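Participant: Got a structure for you, written out below as structure tokens; questions coming shortly.
The values are calculated or read from the model by the stated rules, or taken from the named source; none is laboratory data. Just so we're clear, the structure is a prediction, and the values are computed from it rather than from any experiment. Note: ideal-geometry Cβ built from the backbone for every residue, glycine included; neighbour counts use all protein chains shown.
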């Protein structure tokens, strides 16, 4: 059954690859296939090997298949209206989908790595669809290299496990990996953690993410941000937490720290962006951080042998994974619509789009509220779970460890608040107010609007009724086979339905009370001057206070030049330039890059030209070796 | 014994070629290619039994013939592009080179392997000189001198081994690998160690192990592309496997620092690191491929150095994949450099907007070389790395993994440039090889 | 026998030192004659070893010097002379000669080396040839050095094993002949292309 | 029984919140030597605004029109969730973290409405409100952490009694209460963070976001402002205040406490000056630091 379904997905995707006209339909079909497969696996529970160990299906994988399926289905639907009929997309998109599915259902490390690398290369070609635009190739290249780095770490980690267990089958790993010695587990944790972490975009390996995601076409960005980076989380949970079981207590704390740092820095960098898609990409880093906080809680639970805490962390991270997939793909799809609608994504040029594309605007608002974790949307539930997990860790430990846990919770709180600011900014400057520049308005087809709205609706539904889906998570195989009991009261104290009902009813009552339909439009107040669009706050001015507050992170710079004849006193024109310093790029990656080039140059010095030197190498080496013999 | 029939093809060809008249139209080139193809198929029929059994010799012959036949087919367009090359001489030398490669593959005897290898040097060097410009002269000179010195090293080792074994009364079969294996214990350990050092570095020179590789980038980049394919794809691997056969037959006591496997692993690692580092700053497309060969040979050396059955299989796989991929890339590089009139990587740009087949071919080849699954080489490399882990050679494993990443980065860097790079303003700014030759003479 | 070895060793040393191509070629020819003499008296006098000796004489004392001197005469007078031997080469020569002693010590316990003096002379000639190929600039010197190393190797074979298998010896000889002819042919073309016979100019390919 | 107490408490506090505002204002006026308006003044202002015609600035959308309703709703829901008698009825949604997120919801919509008004002041107010929010939320969590540590649950519960069992409980309690008070001042936009009476564009924070509101929208916004005062102080008293045996008595005590707080607020307003906007991060991080210290002390030990 499952094997048949996998085969069907393969065939559908391959058909799409062969034929450009078929591509849309068959991608949609294979996406739905993935969704169904995920549902089947999840409902059945447990794990099974399929096709002589080529595929290995676990409940965790089932959950990630659903995550992938949802995003893929919506992106495929969205593609019907998305005016990008390039050959690149029609060939590589099915392969990309297929490889992501195969990563999840892979049964041994060879299949996994093949799928993983195929995923990298196909997404690289998708990212560079518009290679003629400046900067795209560079972004794609950085993405490719970072991905390969990740693949190599994963390879090393797999080899470490495989050489210890003398098998590369995941089913065997699941059974025996927990018996490995602790020192070996540490090595595996380091290698696989780095490998999967780089691919999911943790700080400081995040630099590829804000470059690669924005330049890709919108459905691709949605898939990459919504599904692909989640596979890193899948790897961490499957191999490091579930398979390895109890390990050194140090590691969950590292995961928590990495999560907090990624979350905070991700949102802080997002705040300074005025390109909508780059902003969303930075938010992916933030959300990966939040998911990792949940993962860390799960790890702490495993190490403390606390099934309830383990399950809390698991539920928090997995649910946030799904939620982020939903609202992030929704936001990316909406951003794609904005781009097609106006031809730009620069928040400093846009404004008032809620009047020209109300459907997308409402979808974006729903997504913004979900990503900011506001009730009654789904982000609220998963962040609530994460908070609960962190505060539980904090309150069950003493002094320093307690402070650490509380600090993490506070970091998450700060992250949430900053995300709020960022999305007030994003939604406010792009969809509200008066247009800042005159931009064209192309009509958006309904097939681009509806996926965005459906995803918004899905967010809302999951925010109000999270319990059924969370119950499915009880099947995820953990070595501490408890947690099922705690499932029921996990969400008992957050009465999502009550709160949602109160909120909707209250808003309706007050809206009726204030008679919103009777309100007349009048000119706005601007101290008596004639108001114009430039008086509005822009993206940069909105976040000025945050920029100064976090100056130690941003290292902002500004330059004010006075131009004109009597420049110092009466300037004709002022030239203002400002920005922030990309710290990681400047202080880590640039020097590293230069260093590698220098070493490379140095290594070719060996090949200096004169044949007598070459002969001297040869004879010298042999002489040296003979001298060693005794 | 029947394997020796495979030498008939090259010999017949070399004789037949001398009978041809050097008329302008190259119609007979096609017949040579057909002859090589037919011969390859016939030999395949002879050796198929051994092939199924996984005999090394059979595999070597098969892969040598396969690359030779592609080289023969590629020679037709290549000769058309390079009118200044004398086809008769070219094909004569080519046939000798092919024959010497087959002889290395076949050889069951250390001394014969040595001889065949020496002849392969001479034949291929003569082919490089056929290009006729200053660069190729320089490359060929370095190639012959360095390779000869290296091979003399190997010969010193062989003399030691022979001198130790001549009392066995086996006469000239003393140096058969099987006899070596049977009698190696009568060789004093120190002699074994000394001979291993000489033979590994001697044949290692032909295999292109760093620091004996110095001739390799020059020779491979200046040779005619069809010959570069054979040089890089076949000759390097065969030299390495000759070392492996010797090392397998005459093992050094396990505790010795300079045992064959240690040397192979050491030089292999150094080759991987240096080869991958050099990739990043290359300007010449064929030099790029040559350095990548050094790196690949290093990986093979690791596999052969470990010597476990799994590692040997992986090494063999690596050899086969590398032979097919690298040779086709060399052919492609030759045609591209003629088409764009430059061998500079930054001159060969914007492939993607041209013929689709060409860009797909090039991209697939480079990506395969970069170690991207499911394109062959990735798997053999992974297998080798897994063997390193199993043997607990962590440092080597990390160095190899790191270098593979670097290789990937460098090759894709150049690939992106090739596929979509900005079209160079005037494609004719770089002098062609013929112009260079003329300039050199003037 | 030992006297022959000593003479060959001295010739190798003089070859290293000699700047004049004509002298070098002459020395090579003498080496060839002595070698063929050596081969013929070393083992039992058989048809095969006589054949090898004859071949050695033809190739090493006849063909190779002839080809080399033909090549040299194609060069103008001013490029018939190599640079003087650099100082470090003397030191290197001394070191490698001592190195040969080191190897004899190494091999001592194995009883491989029957005639230590002959072995020493042979190995040192090989080593001196190697020093020569690194130290010398001239195209011809490099070829001569290659031949000299090869000669030393034959000496080594004789001193260690009496003789190598005939087929191998003949193979080596033929190979040497072809290699030298090829190198000579290339050397003439290099001289034509680069207007010099100094290998130090072969520096265009790097990196 | 608890249900009845809870519902009457909600009704009382909802209806009485403009009165509490009035108390603050008149105490302030008295301390400043003015006669000041009556304590019922806020009711009059709201009633007056309800009668006026409602307008919205050009370019504004439904967001602007809905925002006062949403913030009003969010605060009402928070009010509903607080167990005003110190003990929630069975199955009551008295969840601490939900309160946290509801406050964020209110702030989010206020910010949006500011930007939707398409003027300079709206954006300014939105920017300042949400920036202050980024300091408030983590600091609030520190206090919540203390609560969590003591009760081990997510519900809003009084902590004083439980903290007494901890050796350093008194310190923990007082530090947490101080931290919470500092945060509440910031959240409410009172001195020393913001001056609620100002109409000077350069300094105003909350006022700027509702500058374009009038008529019914303004009435809702003003009511929301007073409701927020009530909600936050009630939350503080429930958590940190004394706790009596009877539910009705507790409710009565709550009313007294709220009135007292309003008066105290008036006193604070007339004693302190507003600190600079760019000094606010320092202020808020001090609050957060105190909260963390309280959390550390609430475990009662210093063993690692």
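Participant: Within the range D:150-162, is even one residue closer than 20 Å to residue A:407 by Cα, in contact (Cβ under 8 Å) with a residue 60 or more places away in the chain and out of contact with any strand residue (DSSP E or B) (no Cβ under 6 Å at 6 or more places or on another chain)? So that I can check it myself, show each step before the final result.
Facilitator: Of the residues in the range D:150-162, the ones closer than 20 Å to residue A:407 by Cα are D:150-154.
Add one more test, that the residue is in contact (Cβ under 8 Å) with a residue 60 or more places away in the chain, and what stays is D:150.
Pick out the ones that are also out of contact with any strand residue (DSSP E or B) (no Cβ under 6 Å at 6 or more places or on another chain) and you get D:150.
Taking every residue of the range D:150-162 in turn, at least one turns out to be closer than 20 Å to residue A:407 by Cα, in contact (Cβ under 8 Å) with a residue 60 or more places away in the chain and out of contact with any strand residue (DSSP E or B) (no Cβ under 6 Å at 6 or more places or on another chain).
Participant: Quick one: in the range A:163-177, of everything that is in contact with a helix residue (DSSP H, G or I) (Cβ under 6 Å, 6 or more places away or on another chain) and facing chain B (nearest Cβ under 9 Å), which residue is nearest to residue B:386 (Cα to Cα)?
Facilitator: So the residue we want is A:163.
Participant: Which condition breaks for residue B:221 when tested against (1) surrounded by fewer than 24 Cβ atoms within 10 Å (Cβ to Cβ); (2) at negative phi?
Facilitator: Going through the list (1) surrounded by fewer than 24 Cβ atoms within 10 Å (Cβ to Cβ); (2) at negative phi, residue B:221 breaks only (1).
Participant: Do any helices (runs of 4 or more DSSP H) lying entirely in the range A:537-620 carry at least 3 residues that are touching a residue at least 12 places away in the same chain (Cβ under 8 Å), and which ones are they?
Facilitator: Details: elements: A:539-542, A:544-549, A:551-554, A:590-605.
The qualifying helices (runs of 4 or more DSSP H) are A:539-542.
Participant: Considering only residues that are facing another protein chain (nearest Cβ under 8 Å) and assigned to a helix (DSSP H, G or I), look in the range A:621-630 and name the one that is surrounded by the most Cβ atoms within 10 Å (Cβ to Cβ).
Facilitator: If we filter the range A:621-630 for residues that are facing another protein chain (nearest Cβ under 8 Å), which is where we start, we get A:621-623, A:625-630.
Add one more test, that the residue is assigned to a helix (DSSP H, G or I), and what stays is A:621-623, A:625-628.
Details: A:621: 18, A:622: 23, A:623: 17, A:625: 20, A:626: 18, A:627: 10, A:628: 11.
So the residue we want is A:622.
Participant: Answer with yes or no whether residue D:69 is touching a residue at least 12 places away in the same chain (Cβ under 8 Å), farther than 30 Å from residue A:352 by Cα and either buried (at least 23 other Cβ atoms within 10 Å of the Cβ) or more than 10 Å from chain A (Cβ to nearest Cβ) (or both).
Facilitator: On the way: touching a residue at least 12 places away in the same chain (Cβ under 8 Å): yes; farther than 30 Å from residue A:352 by Cα: no; either buried (at least 23 other Cβ atoms within 10 Å of the Cβ) or more than 10 Å from chain A (Cβ to nearest Cβ) (or both): yes.
No: the conditions fail for residue D:69.
Participant: Just for the range C:154-207: of the residues that are within 7 Å of another protein chain (Cβ to nearest Cβ), surrounded by 16 or more Cβ atoms within 10 Å (Cβ to Cβ) and not in a helix (DSSP H, G or I), which one is farthest from the chain's Cα centre (by Cα)?
Facilitator: Per the criteria, the residue is C:207.
Participant: Right, another one. Go through the residues of the range D:205-224 one by one and say whether even a single one is closer than 13 Å to residue D:191 by Cα, buried (at least 19 other Cβ atoms within 10 Å of the Cβ) and at pLDDT below 90. Lay out the reasoning, then the answer.
Facilitator: Filtering the range D:205-224 for residues closer than 13 Å to residue D:191 by Cα gives D:205-206.
Within this subset, residues satisfying the condition of being buried (at least 19 other Cβ atoms within 10 Å of the Cβ) are D:205-206.
Those left that are additionally at pLDDT below 90: D:205-206.
For the range D:205-224, residues closer than 13 Å to residue D:191 by Cα, buried (at least 19 other Cβ atoms within 10 Å of the Cβ) and at pLDDT below 90: present.
Participant: Among (1) under 19 Å from residue D:73 (Cα atoms); (2) within 14 Å of chain A (Cβ to nearest Cβ); (3) surrounded by 21 or more Cβ atoms within 10 Å (Cβ to Cβ), which single condition is residue D:149 missing?
Facilitator: Among (1) under 19 Å from residue D:73 (Cα atoms); (2) within 14 Å of chain A (Cβ to nearest Cβ); (3) surrounded by 21 or more Cβ atoms within 10 Å (Cβ to Cβ), residue D:149 violates only (1).
Participant: In the range D:92-127, how many residues are at positive phi and surrounded by fewer than 24 Cβ atoms within 10 Å (Cβ to Cβ)? Even if it seems obvious, please write down each step before you answer.
Facilitator: Narrowing the range D:92-127 to residues at positive phi: D:118.
Those left that are additionally surrounded by fewer than 24 Cβ atoms within 10 Å (Cβ to Cβ): none.
Number satisfying all stated conditions: 0.
Participant: Could you tell me which of the residues D:19, D:103, D:115, D:75 is more than 23 Å from residue A:507 (Cα to Cα) and either out of contact with any helix residue (DSSP H, G or I) (no Cβ under 7 Å at 6 or more places or on another chain) or assigned to a helix (DSSP H, G or I) (or both)? Step through it out loud before you land on a result.
Facilitator: Details: D:103 fails: more than 23 Å from residue A:507 (Cα to Cα); D:115 fails: more than 23 Å from residue A:507 (Cα to Cα); D:75 fails: more than 23 Å from residue A:507 (Cα to Cα).
It is D:19.
Participant: Let me ask another. Mind checking whether some residue in the range D:293-300 is touching a residue at least 60 places away in the same chain (Cβ under 8 Å), surrounded by fewer than 22 Cβ atoms within 10 Å (Cβ to Cβ), within 14 Å of another protein chain (Cβ to nearest Cβ) and in a helix (DSSP H, G or I)?
Facilitator: Yes, the range D:293-300 contains at least one residue that is touching a residue at least 60 places away in the same chain (Cβ under 8 Å), surrounded by fewer than 22 Cβ atoms within 10 Å (Cβ to Cβ), within 14 Å of another protein chain (Cβ to nearest Cβ) and in a helix (DSSP H, G or I).
Participant: Give the residue, chosen from B:368, B:333, B:363, B:378, that is facing another protein chain (nearest Cβ under 10 Å), touching a helix residue (DSSP H, G or I) at 6+ places or on another chain (Cβ under 9 Å), modelled with pLDDT of 90 or more and crowded, with 22+ Cβ neighbours inside 10 Å.
Facilitator: Details: B:368 fails: facing another protein chain (nearest Cβ under 10 Å); B:333 fails: facing another protein chain (nearest Cβ under 10 Å); B:363 fails: crowded, with 22+ Cβ neighbours inside 10 Å.
Just a single option satisfies the conditions, and that option is B:378.
Participant: Check whether at least one residue in the range C:70-84 is within 14 Å of chain B (Cβ to nearest Cβ) and either out of contact with any helix residue (DSSP H, G or I) (no Cβ under 6 Å at 6 or more places or on another chain) or surrounded by 14 or more Cβ atoms within 10 Å (Cβ to Cβ) (or both), and report yes or no. Steps first, answer last, please.
Facilitator: Initially, the range C:70-84 is screened for residues within 14 Å of chain B (Cβ to nearest Cβ), giving C:71.
This time we only want the ones that are either out of contact with any helix residue (DSSP H, G or I) (no Cβ under 6 Å at 6 or more places or on another chain) or surrounded by 14 or more Cβ atoms within 10 Å (Cβ to Cβ) (or both), so: C:71.
Yes, the range C:70-84 contains at least one residue that is within 14 Å of chain B (Cβ to nearest Cβ) and either out of contact with any helix residue (DSSP H, G or I) (no Cβ under 6 Å at 6 or more places or on another chain) or surrounded by 14 or more Cβ atoms within 10 Å (Cβ to Cβ) (or both).
Participant: Filter the range A:436-455 down to residues that are in a helix (DSSP H, G or I) and either loosely packed, with under 14 Cβ neighbours inside 10 Å or free of Cβ contacts under 8 Å to residues at least 24 places away in the same chain (or both), then give me how many there are. Break it down into steps so the answer makes sense when it comes.
Facilitator: In the first step, residues of the range A:436-455 are kept if they are in a helix (DSSP H, G or I); the result is A:446-455.
Those still in the list that are either loosely packed, with under 14 Cβ neighbours inside 10 Å or free of Cβ contacts under 8 Å to residues at least 24 places away in the same chain (or both) too: A:446-447.
The total comes to 2.
Participant: Is it the case that some residue within the range C:126-138 is surrounded by fewer than 23 Cβ atoms within 10 Å (Cβ to Cβ), assigned to a loop (DSSP other than H, G, I, E, B) and touching a strand residue (DSSP E or B) at 6+ places or on another chain (Cβ under 9 Å)?
Facilitator: yes
Residue-wise test of (1) under 30 Å from residue B:173 (Cα atoms); (2) over 12 Å from the mean Cα position of the chain (by Cα); (3) more than 8 Å from chain B (Cβ to nearest Cβ).
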{"residue": "C:101", "(1), (2), (3)": "no, yes, yes"}
{"residue": "C:108", "(1), (2), (3)": "yes, yes, yes"}
{"residue": "C:115", "(1), (2), (3)": "yes, yes, yes"}
{"residue": "C:122", "(1), (2), (3)": "yes, no, yes"}
{"residue": "C:127", "(1), (2), (3)": "yes, no, yes"}
{"residue": "C:138", "(1), (2), (3)": "no, yes, yes"}
{"residue": "C:150", "(1), (2), (3)": "yes, no, no"}
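Participant: Has the range D:44-58 got at least one residue that is closer than 26 Å to residue D:186 by Cβ, in contact with a helix residue (DSSP H, G or I) (Cβ under 7 Å, 6 or more places away or on another chain) and in contact (Cβ under 8 Å) with a residue 12 or more places away in the chain? Spell out the reasoning first.
Facilitator: First, pick out the residues of the range D:44-58 that are closer than 26 Å to residue D:186 by Cβ: D:45-46.
This time we only want the ones that are in contact with a helix residue (DSSP H, G or I) (Cβ under 7 Å, 6 or more places away or on another chain), so: D:45-46.
Retained after the next criterion (residues that are in contact (Cβ under 8 Å) with a residue 12 or more places away in the chain): D:45-46.
Yes: the range D:44-58 contains one or more residues that are closer than 26 Å to residue D:186 by Cβ, in contact with a helix residue (DSSP H, G or I) (Cβ under 7 Å, 6 or more places away or on another chain) and in contact (Cβ under 8 Å) with a residue 12 or more places away in the chain.
Participant: Next question. Tell me, which residue of the range A:512-534 that is assigned to a helix (DSSP H, G or I) and modelled with pLDDT of 85 or more is farthest from the chain's Cα centre (by Cα)?
Facilitator: Step one: of the range A:512-534, the residues assigned to a helix (DSSP H, G or I) are A:512-513, A:516-518, A:533-534.
Subsequent filtering for residues that are modelled with pLDDT of 85 or more retains A:512-513, A:516-518.
Details: A:512: 39, A:513: 41, A:516: 38, A:517: 40, A:518: 43 Å.
My answer is A:518.
Participant: While we're on this one: Quick one: in the range A:387-404, which of the residues that are surrounded by 21 or more Cβ atoms within 10 Å (Cβ to Cβ) and facing chain D (nearest Cβ under 7 Å) is nearest to residue A:312 (Cα to Cα)? Spell out how you get there, then give the answer.
Facilitator: Of the residues in the range A:387-404, the ones surrounded by 21 or more Cβ atoms within 10 Å (Cβ to Cβ) are A:387-395, A:402.
Imposing the further condition that a residue be facing chain D (nearest Cβ under 7 Å) reduces the set to A:387-388, A:391, A:394-395, A:402.
Details: A:387: 10, A:388: 8, A:391: 11, A:394: 14, A:395: 15, A:402: 18 Å.
So, considering only residues that are surrounded by 21 or more Cβ atoms within 10 Å (Cβ to Cβ) and facing chain D (nearest Cβ under 7 Å), the one nearest to residue A:312 (Cα to Cα) is A:388.
Participant: Among (1) more than 9 Å from chain A (Cβ to nearest Cβ); (2) over 17 Å from residue D:228 (Cβ atoms); (3) out of contact with any strand residue (DSSP E or B) (no Cβ under 8 Å at 6 or more places or on another chain), there is one condition residue D:79 misses while meeting the rest; what is its number?
Facilitator: (2)
Participant: Residue B:126: over 16 Å from the mean Cα position of the chain (by Cα) and either within 7 Å of chain C (Cβ to nearest Cβ) or closer than 14 Å to residue C:178 by Cβ (or both), yes or no?
Facilitator: Judged against the criteria, residue B:126 is a match.
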